[in-house]
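Comments concern the structure below.
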Amino acid sequence: MRFDVITIFPDFFAPLKLSLIGKAQEKGTLDLHVHDLRDWTDDPRRTVDDSPYGGGAGMVMRLDIWAKALQAVAQMSSSAMSDSARPSQLDIPNGASEQGGEDRRILMIPTPSGRRLTQDWAQELAAAKQLVFACGRYEGIDSRFATYAQRQSDFEVQEFSLGDYVLNGGESATMVLIEAVARLVPEVIGNEASLVEESHGNNGLLEYSVFTRPWTFAELEPPAWLKSGDHALVDYWRHREALERTWLRRPDLLAPSGKAFEALTI
Ligand code: 6GU
């Protein structure tokens, strides 16, 4: 899977060389490219913004610069992907190519007014072929950009938000989305079973509590049934505990409209 990030702060993404996501890039499972928006400016000051029409505070990022950046990234990435990534994907039986959606190329625009990122959406995005991120700063990118991209590029366009609070720019939100999606791409995480049981995983409940040695510390002990050696009993209590934690901490997930409603009837 390929990620392209367009930003005025390319250094922001250096941490993606670390950890599992860095390893996945070395293996070739993930292909991450960070582009400096200022490469597509044409004045010595490398200006990317201007004052808003109609007046008001702050600056707005220019549509013409973003359009050039997007066209360039679209072009360089589509030729790169047709060179290498393509044939190997076709060779793999039961790969993403069977699940549909493997050819999706999506322009992701981080904005507090976008669609809220959820685990379900991250799962869906993990099957895409390419995600391109347009990281805005200041008061944001000229609002025509999404429409422009929809009309003039090969990309499907999605505006996403992490939640109801405001960040200074899309960079940190993009890091979050890349991490949430990348770990769902097959072979990025070593132990895929850990994806199933974790919070917001398949049954929609919060994760049950976990414990390791020492058994007693500062008079604190795990629940006794963890020592029973009876797997069915342990599964039963873990499920109960996950339900209890969800009920106490996130009752919204158990509402009829919530993700874990089904878990109540198991
Ligand atoms: Cl995606 N961008 C910005 N700038 N602020 C946010 C956000 C995104 N999600 C929550 N707040």
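The values are calculated or read from the model by the stated rules, or taken from the named source; none is laboratory data. This structure is a prediction, so every number in the text was calculated from the model and none was measured. Here the Cβ is made from the backbone with ideal geometry for all residues, glycine too, and neighbour counts use every protein chain on show.
Summary of values
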| item | result |
| --- | --- |
| Candidates Pro87, Pro93, Pro44 - the one that is modelled with pLDDT of 95 or more, over 25 Å from Asn168 (Cα atoms) and exposed (fewer than 13 other Cβ atoms within 10 Å of the Cβ) | Pro44 |
| Pick from the range 159-185, criterion among the small types (Gly, Ala, Ser) and touching a residue at least 60 places away in the same chain (Cβ under 8 Å), ranking: farthest from the ligand (Cβ to nearest atom) | Ala182 |
| Verdict on Thr111 being in a helix (DSSP H, G or I) and either out of contact with any Leu (no Cβ under 7 Å at 6 or more places or on another chain) or within 15 Å of the ligand (Cβ to nearest atom) (or both) | no |
| Subset of the range 197-248 [in contact (Cβ under 8 Å) with a residue 60 or more places away in the chain and either touching a Phe, Trp or Tyr at 6+ places or on another chain (Cβ under 6 Å) or farther than 13 Å from Ala260 by Cβ (or both)] | none |
| Given (1) more than 20 Å from Ala128 (Cα to Cα); (2) part of a loop (DSSP other than H, G, I, E, B), number of the condition Asp64 does not satisfy | (2) |
| Filter pass, Arg62 being surrounded by fewer than 18 Cβ atoms within 10 Å (Cβ to Cβ) and assigned by TED's automatic domain parsing to the domain that holds Gln152 | no |
| Where a residue in the range 132-158 is without any contact (Cβ under 8 Å) to a residue 40 or more places away in the chain and its partner, wherever it lies, is outside any strand (DSSP E or B), with Cβ under 9 Å and at least six apart | Ser143/Leu63 |
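So that you can scan it fast, the table gives a plain yes or no per residue for (1) within 16 Å of the ligand (Cβ to nearest atom); (2) buried (at least 21 other Cβ atoms within 10 Å of the Cβ); (3) over 17 Å from Ile178 (Cβ atoms):
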| site | (1), (2), (3) |
| --- | --- |
| Leu107 | yes, yes, no |
| Leu131 | yes, yes, no |
| Ala134 | yes, yes, no |
| Glu139 | yes, no, yes |
| Thr147 | no, no, yes |
| Gln150 | no, no, yes |
| Ser153 | no, no, yes |
